[in-house]
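Every number here is computed from the coordinates shown, using simple stated rules; none is lab data. Note that the structure is predicted; figures quoted are calculated from it, not measured. A quick note on method: Cβ atoms are made from the backbone with ideal geometry, for glycine too, and the neighbour counts reach across all protein chains shown.
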Amino acid sequence: MRAVSQPVRKKDAMALVTGKPVYMDDLVNENCLIVKVLRSPHANAIVESVQKVAAEKVPGIEAIYTWEDVPQQRFTMAGQTYPEPSPYDRLILDRHVRYVGDPVAIVAGDSEKAVDKALKILKVKYQVLEPLLDFRKAKDNEILIHPEETWKSLCPVGADNKRNLCASGESGDGDIDAVLEDCDIVVEHTYHTKACQQAMMETFRTYCSIDAYGRLNVLSSTQIVFHVRRILSNALGIPKSKIRVSKPRIGGGFGAKQSVVAEVFPAFVTWKTGKPSKMIFTRRESQTASSPRHEMEVSVRVGAMKDGRIRGIDVYTLSNTGAYGEHGPTTVGLSGHKSIPLYGSLEAHRFRYDVVYTNVMSAGAYRGYGATQGIFAVESAVNELAAKLNIDPVVIRERNMVREGQIMPAYYGEQTNSCALDRCVERAKQMIGWDKKYPCRDMGNGKVRSVGMAMAMQGSGISGVDVGSATIKMNEEGYYTLVIGAADMGTGCDTILSQMAAECLDCPVDAITVFGADTDASPYDSGSYASSTTYVTGKAVEKACAKLKEKILEKGAELLKCSPQETEFDGEKVLCTATGESVDLKTIGTSAMNGNHTALEVTETNSSPVSPPPFMCGMVEIELDKETGHVELLDYVAVVDCGTVVNPNLARVQTEGGIAQGIGMALYENIQYSDRGHLFENSLMQYKIPTRLDTGKIRVEFESSYEPTGPFGAKSIGEIVINTPSPAIAQAVYNATGHWFRELPITPEKIAMVLADD
């Protein structure tokens, strides 16, 4: 193939390395209003009054709004396809504040200095209530996070605000209790993963203005332009026809920007005042009032025979959605549906879950969303099972892993039409030298070197829900414009989709220009999340290009005075096979501007009834200092099956970045609250994310399969890559210390304290 499977340079690579990319704040009117919010110092309280007269007199202050000034219809900030599974539990400003950081008032002024001064002057009287901070005690607690009668859930996800339930459910196959009872050994443990911050480079930010037609124009660093339009319509109580949403370059998202974190506040200000406004979150706000990963406690029972044959897996997940329900019902499902199916010979399985409200910062979508937490638990339990049976963890997976052609009952009954997981495991084993290093080696200086492993799977979009669309048109000089609704947030999807278009049209990638995402100009797309873009939108690109090719042949035949059936297209010209005459693309494109009846433009939409999973194996080698508990990562090898690799360079950096994030979750990133709900890790000084120096050597290879439902056989890769580090590192720590750590992060302090007791 000329374009697909080639290491094509990102379309924006030179702009990035030369400091030229244009982000939101580079594009806005310098004279716009500055918008900030006053945030609650209490985890649970009723706002009795806001004294704003003095603050309104600060020179430069345009307006100050409280709960009394905003519409009273509830909405969700979750960027999901309508009807959203997430409950409608938000107001722009609510009298009832539910976590430390919940907005109390909106302040807009002509300078940051004026706004900051007004925020300090505002006086708020609170009725402080007892907070509910422990998610283990939330279900059916007398303290209700959402007692209001206006709360509603649009989908049957088991939500009940009077029980603090955002979602609840159960699924399974076979008699799990009977199967586990008949097993030789059952491993049963509970694993705890805390909330993690995406910590993308560019914080949340939005600019709003009113255009010449009186419409609200929103320029936002978002992954979901079409969902933002609907959410703002719901929040402001205005028609969607009055709103246009577009995105500039995005400085990272990782799922955080699948929620409408910042957009509603400047949108409300601009709609009320008619003046342009912008809101830029500080790093502290991004840490304390955003949309981190859901904290989860996952209880696992794995039953097996003495020979290592796994017969049954039982999973119960308790998920903490925090003060609001964004993505709570959707993330929890992956903790079971993307972990249990890794094992293909199960006689029975069961998956139960509860998602509960508490008085902490609300959670959202984060790379791996739910699968990361569930895979940490299930893969750790399988590693513990291998240890109890004295079987090599690689061997126990070779006996039990899902393989190509198998039906996965725990994955909605889908069949693995493409699966190279067995080859991923074998190659990773060879790369790291597993047989020579497992389980550990005493280095004789108080340090131990050990290895660990884990498998993972994810999905490719949300089956039967996600929609990807693409418009492709040929211009007068014979080049193409690809218009998409998906959002490139640094992942390189603009380049990936251009490669697919170039392959279809047999042209250089440079002949494809990309535009998006803009709700006025782009065809509808669910957005860039759930690993959907390459698989779902990519297929739409493939379909659109095929139809455009037909139109090019039709136009060429017209010019050559022959039938379309007598023509061929080689990417540069249309040839009449009967006469040997040809016409080039430039001529075809130019002719389409004069007396034309054939539009050289096609829009295609795609949705898939299945979500073929990519697979991965990760193996790690660490060196652990038994005196200090310090863990040094020496080597991390990853082998990924993402179907056809569209761009090896981009796939590799996606994998490396996801592994680095997974290492951070496993060893460094910690969230701790005071007994009154104050978050201690409120900046990157307290919240440690790993640097490149902390991640050691990361090596990535691919074992390609061919997914028949994907474009050119491709599946996704964006999310699966974060899922293996936590269980692999936890096992390596066990092999070095003899102790299992079932709560993340696994810090040196925890290790040293356990070893001190030995």
> Using the Cβ atoms and a cut-off under 14 Å, what net charge is assigned to the surroundings of Glu743, where Lys and Arg are +1 and Asp and Glu are -1?
Replying inline: 0
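Please order Ile375, Ile746, Ile720 by the number of other Cβ within 10 Å, starting at the fewest.
The most exposed by this proxy come first: Ile746, Ile375, Ile720.
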>> Given the C-alpha atoms of segment 250-354, compute the convex hull and give its volume per residue in Å³.
In response: 144
>> Can you classify segment 462-606 as rounded, prolate or oblate using the Cα gyration tensor, where a ≥ b ≥ c are the square roots of its eigenvalues, rounded means a/c under 1.5, and otherwise it's prolate if a/b beats b/c and oblate if not?
In response: prolate
> Sorted by average packing, counted as other Cβ atoms within 10 angstrom per residue and highest first, what order do 499-512, 40-53, 224-237 take?
Replying inline: 224-237, 499-512, 40-53
> Tell me, what ³J(HN,Hα) does each residue in segment 432-437 have, in order and in whole Hz, if you take phi through Karplus 6.51 cos²θ - 1.76 cosθ + 1.60 with θ = phi - 60° and put x for Gly and Pro?
Replying inline: 8, x, 4, 4, 7, 10
> So what are the ³J(HN,Hα) numbers for segment 566-572, from phi and the Karplus equation (6.51, -1.76, 1.60; θ = phi - 60°), rounded to whole Hz, Gly and Pro as x?
Replying inline: 9, 10, 9, 10, 10, x, 10
> Any idea what the dipole of the chain comes to, in debye rounded to 20, about its Cα centre with Lys/Arg Cβ at +1 and Asp/Glu Cβ at -1?
Replying inline: 1640
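Past the 29 Å Cα-Cα mark, which pairs from Lys123/Lys278; Lys306/Lys715; Lys257/Lys688; Lys257/Lys715; Lys194/Lys275?
As for pairs spanning more than 29 Å Cα to Cα, those are Lys306/Lys715; Lys194/Lys275.
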> Farthest toward the dipole's positive end in segment 462-606, which of Thr491, Thr513, Cys545, given Cβ charges of +1 (Lys, Arg) and -1 (Asp, Glu) about the Cα centre?
Replying inline: Cys545
> Farthest toward the dipole's positive end in segment 648-705, which of Ser705, Ile659, Gln672, given Cβ charges of +1 (Lys, Arg) and -1 (Asp, Glu) about the Cα centre?
Replying inline: Ile659
>> Net charge within 13 Å of Ser241 by Cβ-Cβ distance, Lys/Arg positive one each and Asp/Glu negative one each, not counting Ser241 itself?
In response: +4
>> Quick check: net charge around Gly468, other residues with Cβ under 12 Å of its Cβ, Lys/Arg +1 and Asp/Glu -1?
In response: -2
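With runs of 4+ DSSP H residues as the only contributors, calculate the mean residue ellipticity of the chain at 222 nm using -39,500 (n - 2.57) per run, divided by the residue total and rounded to the nearest 500.
Result for the chain: -7500 deg cm²/dmol, rounded to the nearest 500.
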> In terms of modelled amide H atoms, which long-range or inter-chain residues lie less than 5 Å from the amide H of Ala105?
Replying inline: Leu38
> In sequence order, what are the phi-derived ³J(HN,Hα) couplings for segment 134-139 according to the Karplus relation 6.51 cos²θ - 1.76 cosθ + 1.60 with θ = phi - 60°, rounded to whole Hz, with x for glycine and proline?
Replying inline: 8, 5, 6, 9, 6, 4
> Using modelled amide H (1.01 Å from N, peptide plane; none on Pro or chain starts), what sits under 5 Å from the amide H of Ser259, excluding residues fewer than 5 places away?
Replying inline: Gly79
>> Nearest 5 percent is fine: what portion of the DSSP beta bridges confined to the chain is antiparallel?
In response: 80
>> How would Ser168, Ser220 line up from fewest to most surrounding beta-carbon atoms within 10 angstrom?
In response: Ser168, Ser220
>> Longer than 27 Å from Cα to Cα, which of Lys10/Lys247; Lys429/Lys697; Lys137/Lys626; Lys139/Lys388 are they? Say none if no pair is.
In response: Lys137/Lys626; Lys139/Lys388
> Ranked highest first by the average count of other Cβ atoms within 10 Å around their residues, in what order do 686-695, 71-80 fall?
Replying inline: 71-80, 686-695
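Cut-off is 10 Å between beta-carbons; in what order do Leu650, Leu16 appear when sorted fewest neighbours first?
Numbers: Leu650 22, Leu16 12.
With the fewest neighbours first, Leu650, Leu16 line up as Leu16, Leu650.
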> Counting only residues 5 or more places away or on other chains, whose amide H sits under 5 Å from the amide H of Tyr191 once H atoms are built in the peptide plane?
Replying inline: Val298, Ser299, Val300
> Tell me, how many Å apart are the Cα centres for segment 500-573 and for segment 426-493?
Replying inline: 26
